[in-house]
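The values are calculated or read from the model by the stated rules, or taken from the named source; none is laboratory data. All values derive from a computational prediction rather than experimental measurement. Heads up, the Cβs are rebuilt from the backbone with ideal geometry, glycines too, and the neighbour counts pull from every protein chain shown.
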Amino acid sequence: MSAEETHRSVEVAARVERRWATIAVIIVVGMALLAAFAGIHQATMPQPRVEITDPSRIHLSGEFVESNLGSVLEANGNITVRAIGQQYSFTPACIVVPVDTPITLRATSADVVHGILIQGTNVNTMLVPGYISEQLMRFAETGDYLMPCQEFCSFGHEGMWGKVKVIDKADFANRAKSGGRLSCVGQ
Amino acid sequence: MLVNRKLILAHFWFAFAVFGVALTLGAWQMFIRSPIGTWLSNPELYYRSLTAHGTVMGYVFPTLVAMGFGYAISESALEQRLVGVRWAWTGFWLIVIGSVMAVIPIALGRASVLYTFYPPLIGNLFYYLGVVLVVVGSWIWVALMAINLRVWRKAHPGAPVPLAMFANVAGSYLWAWTAVGAALELLLQIIPVAAGLKNTIDAGLARIFFSWTLHAIVYFWLMPTYIAYYTIVPRAIGGRVYSDSMARISFILFLVVAMPIGMHHTFADPQVGAGFKFVHSAFTALVALPTLLTVFTICASVEIAARLRGGRGLFGWIRALPWDNPMMLALAFSFVMLGFGGAGGLINMSYQLDASIHNTQWITGHFHLIFGGAIVIMYFAIAYDLWPHLTGRELIDVRLIRTQLWLWFVGMIVTTFPWHWVGILGMPRRMAYFDFGDPAIAPQALSVTFSAIGGFILLTSGIMFIVILARGMRAPQIDAGPYRFAIAVHQPATVPVALNTHALWVALMIVLTITNYGYPILNLATTAGTSVPAVYVGAQ
């Protein structure tokens, strides 16, 4: 190859390379923008605030005492579900909620790290002792959903499965009339 | 010039021996939790096995491969005897002692905390000390790589550092810094509790420290593979590296952006706000860039080899490639797995898509495909390529080598594709058994069975790999000649300082880590009331 040819081929190589680098950068920026758009436009962002709680006292006072766990109908028609995870179960073990209603899940752990995953949905959050997890959810269909613990919590982990029962709106309203915190128990 | 062959062989042999053990455990796990196994009466055994599998495959095996390969690169690329051989042996023995020290409490069921630690679960002190020894041993290697490069630079002022060594040192710096996160978690948080000096721990902060290590460690595992892509494959198949400077830019990008992205592992965690999660998500997208650049450069380099062999046409050249060459085969398999695994990674990178697969079997499938697949198959290729130079003997079983690579590829696909699928169905990770009698879980039984079969294919391939290397120790002697690396089409006579040194990029890596991790860590560390009681494993 003559010096001139070498020079030309170096230029061609560099040009092709620059083109590909530009395409790669566009792909990367495009993905980041897509994630931002989905987060802001469809309001699917992680919980904005960090809230703390003391796992050694949650059974004594505060929002996670046993009598306050379960589903509650708020004044604005929304539902709040409070739950805790502990080795090796959830309380309530079976959550009951109405279909097609905005629901806020507030949960924490009483001991080690657990996770809540509701199969067939995008509901998926960690339960880290000391912190409160909050997640918004809405079920489009009635039925039973499995709710396994998705994080290793020592050797009973494989047995830690909860359930979510999504029922008719009217049914739920009927059961909520007497006030209190609802779970599948007593259905 | 490979002088310290014994040192390198010791690293490789210990790496592959522990790999064999961990692979066997992995195959057993796949089997025992599948419908073809019987329910484990003591699930705790599963978690012992899982902890051992993760600790070996995550910390010991890839670290030893990177170290052994690093010493080989230092001696052969710089054409300079290794400086600090005694220190290198010290590092090696620290890793051996650390591994044994960590494995004993695991085997006794005193450290079933998985390799990701998960405080407030606390295992036996010696497990953590063993892991610390492994890391300390590897840090000696980091220092030696820096020192050897320095010695070479003094003797060759201003000369371009050979690409293999430039990348190798970048990888070692990446490891040194990424290990700091887990080191802080161990030294400041876990070890004081395991030693009984404290009995509370901030689990949220520990998860942030660990995420610092957890993602960039994957890029440390990846480094030997990428070094092989750039500096071994083109030579082995008779081609040239398309671009030396693009290669350097890719390694620099890994060094800089692999670090400040780890919090995408904590998207679903309550102890970090949304802002930093978004920042880490965007940076995670950025780390796709060096891989996209690499895919282009390597495909172009391979095309050069094909055209030199008489390949023609837009795609016709692919047929002209030396497909019977194990290196070619390994590269192709590695790229296919990197493609699927990388696409999965881009899904994990966004909070919105991650929500449906976080902590499901999808994630396990993902990192097995990337690490066990794309990365480890190139570790095999590196070993095959180096072996004759280390032993002075020929690897004669080329057909067996090809079969082994094929089996690994097929096994990995059969294992991980169904794994991804059950993840989408919401099957959680790290479970010793599943109740396949539950109508909601029954449809996943077939997929889990396929994965278990894949596990046995992988085990077969792994055994073949070790047998091939062992037979290579007794094959007829040959003179393998000096170990060489691929050269570029336009081998640079000079390289800009920025592409020939690491200081600027290491500084940038540290600065980005501080901007992306500084506030969340400080904030959690200074918030009162976040420490929770430790839960000791084996005490229940």
For the stretch B:437-454, how many residues are within 14 Å of chain A (Cβ to nearest Cβ) and surrounded by fewer than 18 Cβ atoms within 10 Å (Cβ to Cβ)?
6
Within the stretch B:421-451, restricting attention to residues that are in contact with a strand residue (DSSP E or B) (Cβ under 9 Å, 6 or more places away or on another chain) and in a helix (DSSP H, G or I), which residue is nearest to B:SER356 (Cα to Cα)?
B:ILE424
Taking B:ALA300 as the residue in question, decide whether it is in contact (Cβ under 8 Å) with a residue 60 or more places away in the chain, buried (at least 18 other Cβ atoms within 10 Å of the Cβ) and either polar (S, T, N, Q) or out of contact with any Pro (no Cβ under 9 Å at 6 or more places or on another chain) (or both).
no
Checking B:PRO120 against (1) farther than 21 Å from B:PRO224 by Cβ; (2) surrounded by fewer than 24 Cβ atoms within 10 Å (Cβ to Cβ); (3) not β-branched (Val, Ile, Thr), the condition it does not meet:
(2)
Tell me, which residue of the stretch B:488-514 that is surrounded by 11 or more Cβ atoms within 10 Å (Cβ to Cβ) and touching a Pro at 6+ places or on another chain (Cβ under 7 Å) is farthest from A:ILE52 (Cα to Cα)?
B:PRO492
Within the stretch B:508-540, residues being away from chain A (no Cβ under 14 Å) and not polar (S, T, N, Q) number 8
Could you please let me know if B:ILE106 is in contact with a Leu (Cβ under 7 Å, 6 or more places away or on another chain) and part of a helix (DSSP H, G or I)?
no
Qualifying residues in the stretch A:155-166 (those that are within 13 Å of A:PHE139 (Cβ to Cβ) and crowded, with 21+ Cβ neighbours inside 10 Å) - the one nearest to the chain's Cα centre (by Cα):
A:VAL164
For the stretch A:130-148, the count of residues that are at the interface with chain B (Cβ under 7 Å from one of its Cβ atoms) and under 30 Å from B:TRP39 (Cβ atoms) equals 2
Hey, does the stretch B:57-68 have a residue that's of a type in the set (Ser, Thr, Tyr) and buried (at least 23 other Cβ atoms within 10 Å of the Cβ)?
yes
Could you identify the single residue in B:ARG240, B:ARG235 that is over 30 Å from B:ASN523 (Cβ atoms) and more than 12 Å from chain A (Cβ to nearest Cβ)?
B:ARG235
Residue that is surrounded by the most Cβ atoms within 10 Å (Cβ to Cβ) [pool: residues in the stretch B:69-108 that are aromatic (Phe, Trp, Tyr) and without any contact (Cβ under 8 Å) to a residue 60 or more places away in the chain]
B:TRP87
Residue check, A:ALA14 against (1) under 19 Å from A:VAL123 (Cβ atoms); (2) modelled with pLDDT under 85; (3) outside any loop (DSSP other than H, G, I, E, B); (4) more than 7 Å from chain B (Cβ to nearest Cβ), all met but one. Which one?
(1)
